[in-house]
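The next block holds one structure in the form of structure tokens; read it before the comments.
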Amino acid sequence: MHGLGELEARIMEVFWRDDADKRVRDVLEGLDAEREPAYTTVMTVMDNLYQKGWLGRDRRGRAYWYHSLKSREQTVSDALRAVLADAGDPSGALLHFVRHASDEESAAIAQGLRERD
């Protein structure tokens with residue numbers, strides 16, 4: 001994901017699977033077991049995501065419970081906007097994409113434009 005490191009992106013994927021609040025232990029259990037980082041590493045990265053505005057948190061007893069502040073869709077949209085902004089011709093790049101979109105992508109674009117109006 002644009003603007004996220006590898007572990008940050010993996011942690012956000014755990015949050016995007018459902019809307020439930022999570023503790024560090026819950027996130028650690030939701031990560032791919034093959035590349036499971038240490039508890040303290042996940043705790044540090046989740047604190048960084050909180051500081052960056054990706055996660056919200058509240059203290060319940062002795063533990064912090066975290067929740068996502070950005071949806072996957074919002075994150076992808078922001079990444080696409082950043083890519084388009086970096087293109088020499090953002091409108092041209094977008095038109096090129098639309099012209100070469102699959103039927104399914106074209107239908108989704110058309111639906112989104114109808115809902116926008």
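How big is the C-alpha Rg of the stretch 72-116 next to the rule-of-thumb value 2.2 N^0.38 Å, as a ratio?
On the way: Rg = 11.3 Å, N = 45, 2.2 N^0.38 = 9.3 Å.
Normalised by 2.2 N^0.38 Å, the Cα Rg of the stretch 72-116 equals 1.21.
Would you give the gap between the C-alpha center of the stretch 78-117 and the C-alpha center of the stretch 16-46, rounded to a whole Å?
Spelled out, the Cα-based centre of one part sits 33 Å from the other.
Given Trp16, Tyr64, Thr75, which one lies farthest toward the positive end of the charge dipole of the chain, if we put +1 on the Cβ of every Lys and Arg and -1 on the Cβ of every Asp and Glu?
Checking the options against the dipole of the chain, the answer is Tyr64.
Quote to one decimal, in nm, the extra length available between Leu95 and Ala82 on full extension: 0.36 nm per residue of separation minus the C-alpha distance between them. Provide the component values of the computation, followed by the final result.
Values: separation 13, 0.36 × 13 = 4.68 nm, distance 1.60 nm.
Result: 3.1 nm gained on full extension.
Could you work out Rg/(2.2 N^0.38 Å) for the chain, with Rg from alpha carbons only?
On the way: Rg = 17.8 Å, N = 117, 2.2 N^0.38 = 13.4 Å.
My calculation over the Cα atoms of the chain gives 1.32.
I'd like to compare 64-75, 34-45, 103-114: which one has the highest average count of other Cβ atoms within 10 Å, and what's the full order after that? Could the numbers behind the result be given before it?
Working: 64-75: 15.8, 34-45: 12.9, 103-114: 10.3.
Order by mean packing, descending: 64-75, 34-45, 103-114.
Relative to the Cα centre, what is the charge dipole magnitude of the chain, using +1 at the beta carbon of each Lys and Arg, -1 at the beta carbon of each Asp and Glu, and rounding to the nearest 20 debye?
580
To the nearest 10 degrees, how steep is helix 39-52 against the longest Cα principal axis of the chain, on a 0 to 90 scale?
50
Tell me, in nm to one decimal, what length is gained between Ser106 and Ala20 on full extension, where the rule is 0.36 nm per residue of separation less the Cα-Cα distance?
Details: separation 86, 0.36 × 86 = 30.96 nm, distance 3.26 nm.
Additional length available on full extension: 27.7 nm.
Given only helices, namely DSSP H runs of n ≥ 4 each adding -39500 (n - 2.57), what is the per-residue ellipticity at 222 nm of the chain, to the nearest 500 deg cm²/dmol? Can you show the working numbers first?
Details: 6 runs with 72 residues, N = 117.
Per the formula, -19000 deg cm²/dmol.
Place a +1 charge on the Cβ of each Lys and Arg in the stretch 6-68 and a -1 charge on the Cβ of each Asp and Glu, then give the dipole magnitude about the Cα centre in debye, rounded to the nearest 20. Each step should come with its number before you reach the end.
Numbers: 11 positive and 13 negative charges, 78 e Å.
That gives a dipole near 380 debye.
Relative to the longest principal axis of the C-alpha atoms of the chain, give the angle of the C-alpha long axis of helix 103-116, reported between 0 and 90° and rounded to the nearest 10°.
Between helix and principal axis, roughly 80 degrees.
Between the helical axis of 6-17 and the dominant principal axis of the chain, each derived from Cα atoms, what acute angle in degrees is found, rounded to the nearest 10?
Once rounded, the angle reads 90 degrees.
Give me P(r) over the stretch 6-68, computed from all C-alpha to C-alpha distances, binned every 10 Å, as integer percentages.
23, 63, 14, 0
Would you mind getting me the FRET efficiency between Glu115 and Tyr50? Use the beta-carbon distance for r and R0 = 30 Å, nearest 0.05. Let's see the in-between values first.
On the way: r = 32 Å, r/R0 = 1.07.
For R0 = 30 Å, the calculated efficiency reads 0.40.
No value in this document is a laboratory result; all are computed from the given coordinates. From a predicted model like this one, the values you see are computed outputs, not experimental measurements. All Cβ positions, even for glycine, are placed from backbone atoms using ideal geometry, and neighbour counts span all protein chains on display.
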